[in-house]
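**Q** For reference, the structure I am asking about is given below.
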């Protein structure tokens, strides 16, 4: 039986991977980069939350969602609403026709704060909303889809369509959401100026700690009995269903957890960048987030973080040099990874780690664990069927 530390750390190889990642994120990058570049890396790490959620959902659950950007955006908008209300106090907005409401509401001739904005004056409520609102939205989508056994490419297309609808809705409701410009000019949180260099350093480390917390949570889920059944469901869904398990409930739960993790990343994005717009909710960002997970390795939580950093660094470099070709490069990268490196960076690491003496034994142990896990998955249906 695995101990709690094994579930959270992933054994010896997991400890090594986490230590290297922590060294890079917490020590090397802060010491080697100026505050502008470090804040840029912090923005990349907010996308890594979505990549982690896709490792759970797609890599281990076999559920490809092309709409994770909507949960990222919902979390970001919840945080942006709180920050915007703080920046829209009557003194700061005294030149408006209606002081005390966000500027974009005043421009659109609203004369009072909408009722659904009122609770976001409270930070505790905002934090709960960041976690609960995307989760409820994911539950509604998941219940409607999975209870009717909608999956595969159909589910992927539907999530893509919902992301598009949500982004159009946000743009259309300009008086309530800021429209195409989004919610901007975010300055303070409880009086603390989030634009200063010291604040950016603090937010970078808070973001990193939350990211590692989500990695630990994901590992705990994947190494539990639920994780074993999740893999079995991905490989042999009908066998799991005939063994007496409600597959739809597993899918709904995983989809909801993935939505919550994505929303945390969106909230941290708003804090670090200082705005949130519908451009992070639609189809293009959602597909990019899938590419982050694919490049890093859709079965590897740590690989997803490296994949996010690598792809976004490449995006920054190539978009500056070839701005009109970036989307083609992104699509070509995704095709190349799927065809030639299906396990992503994590697969390349495991392949070459065998050549390093002190890693050889650890890789062999990890391979044996995976083999044992797959053997267990195959026995789940047989064992329960015999008991029945």
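**Q** Taking the stated definitions as given, is residue 72 closer than 14 Å to residue 178 by Cα and crowded, with 18+ Cβ neighbours inside 10 Å?
**A** no
**Q** Determine which single condition residue 260 fails, assuming it passes every other condition in (1) closer than 18 Å to residue 58 by Cβ; (2) surrounded by fewer than 21 Cβ atoms within 10 Å (Cβ to Cβ); (3) modelled with pLDDT of 80 or more.
**A** Result: residue 260 passes all but (2).
**Q** Determine if the range 231-254 includes at least one residue that is in contact with a helix residue (DSSP H, G or I) (Cβ under 8 Å, 6 or more places away or on another chain), under 29 Å from residue 201 (Cα atoms) and assigned to a helix (DSSP H, G or I).
**A** Taking every residue of the range 231-254 in turn, none turns out to be in contact with a helix residue (DSSP H, G or I) (Cβ under 8 Å, 6 or more places away or on another chain), under 29 Å from residue 201 (Cα atoms) and assigned to a helix (DSSP H, G or I).
**Q** With out of contact with any helix residue (DSSP H, G or I) (no Cβ under 6 Å at 6 or more places or on another chain), under 26 Å from residue 197 (Cα atoms) and modelled with pLDDT of 90 or more as the only criterion, which of 48, 22 stands out?
**A** Just a single option satisfies the conditions, and that option is 22.
**Q** Got a number for residues in the range 338-364 being farther than 18 Å from residue 48 by Cα and at pLDDT 65 or above?
**A** The total comes to 5.
**Q** Moving on. Confirm whether residue 25 is farther than 30 Å from residue 103 by Cα and surrounded by fewer than 24 Cβ atoms within 10 Å (Cβ to Cβ).
**A** Judged against the criteria, residue 25 is a match.
**Q** Taking the condition under 24 Å from residue 292 (Cα atoms), touching a strand residue (DSSP E or B) at 6+ places or on another chain (Cβ under 9 Å) and surrounded by 15 or more Cβ atoms within 10 Å (Cβ to Cβ), does residue 42 pass?
**A** no
**Q** Restricting attention to the range 192-240, which residues are more than 22 Å from residue 258 (Cα to Cα) and free of Cβ contacts under 8 Å to residues at least 12 places away in the same chain?
**A** Across the range 192-240, the qualifying residues are 192, 193, 196, 198, 199, 202, 238.
**Q** Show the residue pairs that are 6+ apart or on different chains and have beta-carbon atoms under 8 Å apart, the first residue being within the range 17-34 and more than 15 Å from residue 209 (Cβ to Cβ), the second being assigned to a loop (DSSP other than H, G, I, E, B).
**A** Going by the 8 Å Cβ cut-off, the qualifying pairs are 17/10.
**Q** While we're looking at this one, here's another question. Considering each of 299, 228 in turn, give the residue that is surrounded by fewer than 22 Cβ atoms within 10 Å (Cβ to Cβ), part of a loop (DSSP other than H, G, I, E, B) and touching a helix residue (DSSP H, G or I) at 6+ places or on another chain (Cβ under 7 Å).
**A** Going through 299, 228 in turn, the sole match is 299.
**Q** Follow-up question, since we're still on this one. Modelled with pLDDT of 90 or more, out of contact with any strand residue (DSSP E or B) (no Cβ under 9 Å at 6 or more places or on another chain) and outside any helix (DSSP H, G or I) - does that describe any residue in the range 120-129?
**A** Yes, the range 120-129 contains a residue that is modelled with pLDDT of 90 or more, out of contact with any strand residue (DSSP E or B) (no Cβ under 9 Å at 6 or more places or on another chain) and outside any helix (DSSP H, G or I).
**Q** While we're looking at this one, here's another question. Go over the candidates 17, 62 one by one and state the one that is over 15 Å from the mean Cα position of the chain (by Cα) and part of a loop (DSSP other than H, G, I, E, B).
**A** Working: 17 fails: part of a loop (DSSP other than H, G, I, E, B).
So the residue among 17, 62 that is over 15 Å from the mean Cα position of the chain (by Cα) and part of a loop (DSSP other than H, G, I, E, B) is 62.
**Q** Going by the structure shown, is residue 171 modelled with pLDDT of 95 or more, within 22 Å of residue 271 (Cα to Cα) and surrounded by 17 or more Cβ atoms within 10 Å (Cβ to Cβ)? So that I can check it myself, show each step before the final result.
**A** Numbers: modelled with pLDDT of 95 or more: no; within 22 Å of residue 271 (Cα to Cα): yes; surrounded by 17 or more Cβ atoms within 10 Å (Cβ to Cβ): yes.
The answer is no for residue 171.
**Q** Please indicate, with yes or no, whether at least one residue in the range 117-124 is buried (at least 17 other Cβ atoms within 10 Å of the Cβ) and touching a helix residue (DSSP H, G or I) at 6+ places or on another chain (Cβ under 8 Å).
**A** yes
**Q** Only residues that are on the phi < 0 side of the Ramachandran plot, surrounded by fewer than 19 Cβ atoms within 10 Å (Cβ to Cβ) and in a loop (DSSP other than H, G, I, E, B): list them for the range 268-283, please.
**A** Answer for the range 268-283, where residues must be on the phi < 0 side of the Ramachandran plot, surrounded by fewer than 19 Cβ atoms within 10 Å (Cβ to Cβ) and in a loop (DSSP other than H, G, I, E, B): just 275.
The values are calculated or read from the model by the stated rules, or taken from the named source; none is laboratory data. The structure displayed is predicted, hence computed values, not measured ones. Backbone-built Cβ (ideal geometry, glycine too); neighbour counts: all protein chains shown.
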